[in-house]
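Colleague: The structure's right below; bear with me while I get my questions together.
Rule-based calculations on the coordinates, nothing more; no lab input. Owing to the predicted nature of the structure, the values given are computational and were not obtained by experimental measurement. In this analysis, Cβ positions are derived from the backbone assuming ideal geometry, glycine residues included, and neighbour counts consider all displayed protein chains.
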Amino acid sequence: MKTILITGAAGDVGTHLRRELAGKYHLRLSDIKPVKDLAAGEQFAPGDIAKIAHTLRITRGVDAIVHLGGFSVEGPWDMILRANIVGCYNMFEAARRNGVKRVLFASSNHATGFYRRDQKIDHCVLTKPDSRYGVSKAFGEQLGSLYADKYGMEIFCMRIGNVTVAPPDKRRLSNWISPGDMARLVSVGIDHPDIKFEIVYGVSDNRRSWYDNSNAYRLGYRPQDDAERFAAEVLAKEQPGDPRAELFQGGNFVFAEIGGDPSRAAPKLKVSAVQSRRSTKSTGSRKPKAAQMKKPAKRSKTRRST
Ligand code: 15L
């Protein structure tokens with residue numbers, strides 16, 4: 001049985017994966033926080049990914065790494081830098097030095113969050129990050145590309161949507177992935193015999209999907225869930241949102257903050273009516289024309305985006 005290192009294992013996605021992958025792999029679970037209630041086949045390896053000595057220790061002797069660790073939403077630059085840039089570099093570098101070829105990188109839909117919702121995007125589009133967080137995910141993908149080309153490593157980048165038992169809002173009807181499908185995608189990334197560098201979308205088979213996930217399907221991903229079964233319930237309680245969040249795939253992550261403080265409100269953007277719907281493949285270079293900067297709005301308490 002393969003031994004798999006999961007970083008960020010104390011988080012939500014890690015917790016779902018532990019349950020879904022139990023018995024299939026030996027799991028080495030790493031996090032800066034304690035990982036509790038270890039089951040048979042699980043081992044805890046504490047570590048701070050911003051420290052190379054720690055990443056060298058936790059990656060030793062594993063068959064593959066599922067790198068979930070880092071800051072998982074928009075945050076101040078110093079936090080993103082430490083956890084998602086330095087931490088990500090340390091993971092790839094430690095994997096290389098320890099001879100671990102296969103790395104599954106938890107990228108995010110926010111690496112492409114500035115694509116409009118009326119665009120369908122595939123694995124070939126240019127990144128369009130919607131936040132510092134999104135930039136850090138684009139960075140991780142590029143680092144993976146470097147390690148694949150330069151060192152022959154096997155890199156599987158998953159642009160993950162929202163991993164929850166049920167999609168919490170309308171946006172997530174398009175980017176939701178059930179825990180079961182997430183585990184199915186991770187298993188493809190671990191067990192596919194011929195990965196060099198791949199980008200796939202971590203989404204279920206959602207009727208409202210913004211993604212052409214044919215690359216994942218080509219590699220053997222067979223999602224079994226569709227967010228549509230939650231649609232009536234989700235839409236019934238959906239409140240009218242900010243038009244900017246309606247326009248872009250990244251939702252609230254597209255907002256800018258005053259002075260870079262994510263707890264403060266975004267400047268107002270002038271948003272024209274959504275242009276005619278295009279369901280064809282994106283060019284990858286087209287800029288959304290509808291948004292222009294305007295003067296700042298009032299302070300908001302919201303920090304986490306939807
Ligand atoms: C992400 O990348 C975040 O890690 C997660 O917390 C969700 O916010 C998700 O994106 C999303 O877009 O719903």
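Colleague: Could you state the number of Å between the C-alpha centres of segment 194-248 and segment 156-182?
Modeller: Rounded to whole Å, the Cα centres lie 6 Å apart.
Colleague: To check you understand DSSP bridge types, tell me what percent of the beta bridges within segment 3-230 (both residues inside) are antiparallel, rounded to 5. Before the final figure, lay out each step's value.
Modeller: On the way: 0 of 33 bridges.
Here the antiparallel bridges make up roughly 0 percent for segment 3-230.
Colleague: Right, another one. Can you pull the one-decimal nm distance between simple spin-label points at Asp63 and Lys36, each 7 Å off the Cα toward Cβ?
Modeller: With each label placed 7 Å out from Cα toward Cβ, I get 3.1 nm.
Colleague: Report the FRET efficiency, 1/(1 + (r/R0)^6), for Ile52 and Asp149, where r is their Cβ-Cβ distance and R0 is 25 Å, rounded to 0.05. Walk me through the numbers before you get to the answer.
Modeller: Values: r = 22 Å, r/R0 = 0.88.
Computed FRET efficiency for Ile52 and Asp149: 0.70.
Colleague: Which pairs in the list Lys33/Lys170; Lys51/Lys137; Lys128/Lys150; Lys2/Lys101; Lys150/Lys196 are over 22 Å apart, alpha-carbon to alpha-carbon? Don't skip to the end; give the middle numbers.
Modeller: Details: Lys33/Lys170 32 Å; Lys51/Lys137 19 Å; Lys128/Lys150 25 Å; Lys2/Lys101 13 Å; Lys150/Lys196 11 Å.
Table pairs above 22 Å Cα-Cα are Lys33/Lys170; Lys128/Lys150.
Colleague: Next up: Ala231 to Asp12: FRET efficiency via 1/(1 + (r/R0)^6), r the Cβ-Cβ distance, R0 25 Å, to the nearest 0.05?
Modeller: Numbers: r = 22 Å, r/R0 = 0.90.
The calculated FRET efficiency here is 0.65.
Colleague: Compute the Cα gyration tensor for segment 3-230, then decide on rounded, prolate or oblate, letting a ≥ b ≥ c be the square roots of its eigenvalues: rounded whenever a/c is under 1.5, prolate when a/b is larger than b/c in the other cases, and oblate in all that remain.
Modeller: On the way: a/c = 1.44, a/b = 1.28, b/c = 1.13.
Because its axes are fairly even, with a/c under 1.5, segment 3-230 counts as rounded.
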